Amino acid sequence: MVPGSRLILLGKQGAGKGTQCTRLSRHYVVPHISTGDMFRAAIKSRSELGNRVKQYIGGGELIPYEIVMEAVVERLDQDDTKARGFVLDGFPRTVHQAETLADILDPVPVDLVIDLEVPTQVVLKRLAARRVCTDCGANYSTDVPPKFDWTCDNCGGEVIQRDDDTQAAIQRRLDLYERRTAPLIAWYQERDRLVKISGRGDPDKVTDRLIEVIDKRRAAGGRHGGYRR
Ligand code: ADP
Ligand code: ZN
């Protein structure tokens with residue numbers, strides 16, 4: 001059996017977290033937990049949660065702590081996560097969220113937090129070209145579109161530009177990233193969990209770099225997998 005893993009990816013909007021987390025999730029056979037995907041699915045299904053978060057997402061604002069934690073706690077409590085662990089994408093996004101996550105996981109911390117580094121100039125270009133599948137969240141771009149007419153290669157869903165990939169919302173999200181999320185890099189560094197990896201260049205090469213550091217950390221020991229003792 002492949003041992004599980006408990007991973008967090010940090011990085012600006014457009015750094016490639018979604019794409020890389022999907023690959024890591026397959027490689028290590030752990031659920032990919034993307035809070036953005038969870039909230040977008042809730043909006044699409046017109047659920048009560050969807051109604052509560054819609055305005056925040058559209059404007060590029062952070063969703064209030066209580067709403068985020070309720071959704072994340074419920075997801076972490078499912079069997080796949082408890083057995084295998086997770087790769088977290090878009091959470092934690094504030095020090096407050098990170099502190100609560102550490103409490104939930106206590107006494108076993110996450111295996112590794114990876115900061116996927118990409119310069120702002122590059123992410124701005126990527127975000128302008130970004131297109132996503134409304135059903136499975138797969139990422140495409142105007143440079144690398146789906147094979148057939150903006151229909152997702154994976155699931156046949158419709159591939160569109162995200163509502164919050166407007167100039168104003170992108171600017172707001174990048175600004176919030178610097179102010180609220182970037183401090184997590186030092187926070188995890190102090191706890192000896194953090195590794196920085198360049199997110200530039202060929203996505204396959206980025207994946208190779210990620211797997212290399214994760215495997216190194218796994219070889220160095222520690223507990224792998226779910227979070228219930
Ligand atoms: P991006 O990183 O490109 O902004 P995400 O899909 O990660 O996209 O998140 C989209 C939106 O969902 C965010 O702008 C925010 O409104 C909301 N969101 C996602 N995760 C969180 C979180 N952990 N805390 C607060 N809001 C969140
Ligand atoms: Zn799809």
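The values are calculated or read from the model by the stated rules, or taken from the named source; none is laboratory data. As the structure is a prediction and not an experimental result, all values here were calculated from the model. All Cβ positions, glycine included, derive from the backbone under ideal geometry; neighbour counts span all protein chains shown. Only protein heavy atoms, including side chains, enter the accessible area calculation; ligands, DNA and RNA are left aside. Shrake-Rupley method; radii C 1.70, N 1.55, O 1.52, S 1.80 Å.
The figures follow:
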quantity: Hits in segment 79-98 (condition: within 22 Å of Leu210 (Cβ to Cβ) and assigned to a helix (DSSP H, G or I)); calculated: Asp80, Thr81, Arg84, Ala98
quantity: Number of the condition not met by Ser141 [criteria: (1) more than 29 Å from Val110 (Cβ to Cβ); (2) away from ligand 1 (no atom under 15 Å from the Cβ)]; calculated: (2)
quantity: Condition met for Leu76 (farther than 23 Å from Gln189 by Cα, open to solvent by less than 10 Å² (accessible area, probe 1.4 Å) and either away from ligand 2 (no atom under 16 Å from the Cβ) or in contact with a Cys (Cβ under 7 Å, 6 or more places away or on another chain) (or both)); calculated: yes
quantity: Residues that are open to solvent by less than 20 Å² (accessible area, probe 1.4 Å), more than 15 Å from the chain's Cα centre (by Cα) and more than 15 Å from ligand 1 (Cβ to nearest atom), drawn from segment 111-138; calculated: Asp111
quantity: Test result for Asp149, more than 25 Å from Pro31 (Cβ to Cβ) and open to solvent by 60 Å² or more (accessible area, probe 1.4 Å); calculated: yes
quantity: Helices (runs of 4 or more DSSP H) completely within segment 1-78 that count 3 or more residues being more than 16 Å from the chain's Cα centre (by Cα); calculated: 35-44, 48-59, 65-76
quantity: Pairs, first closer than 15 Å to Thr22 by Cβ and hydrophobic (A, V, I, L, M, F, W, C) in segment 73-95, second in a helix (DSSP H, G or I) and more than 16 Å from ligand 1 (Cβ to nearest atom), C-beta under 9 Å, six or more apart; calculated: Phe86/Asp80; Val87/Tyr28
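Matching residues to (1) open to solvent by 70 Å² or more (accessible area, probe 1.4 Å); (2) under 20 Å from Lys12 (Cβ atoms); (3) not small (Gly, Ala, Ser):
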{"site": "Cys155", "(1), (2), (3)": "no, no, yes"}
{"site": "Thr181", "(1), (2), (3)": "no, yes, yes"}
{"site": "Arg191", "(1), (2), (3)": "yes, no, yes"}
{"site": "Val195", "(1), (2), (3)": "no, yes, yes"}
{"site": "Gly199", "(1), (2), (3)": "no, yes, no"}
{"site": "Thr207", "(1), (2), (3)": "no, yes, yes"}
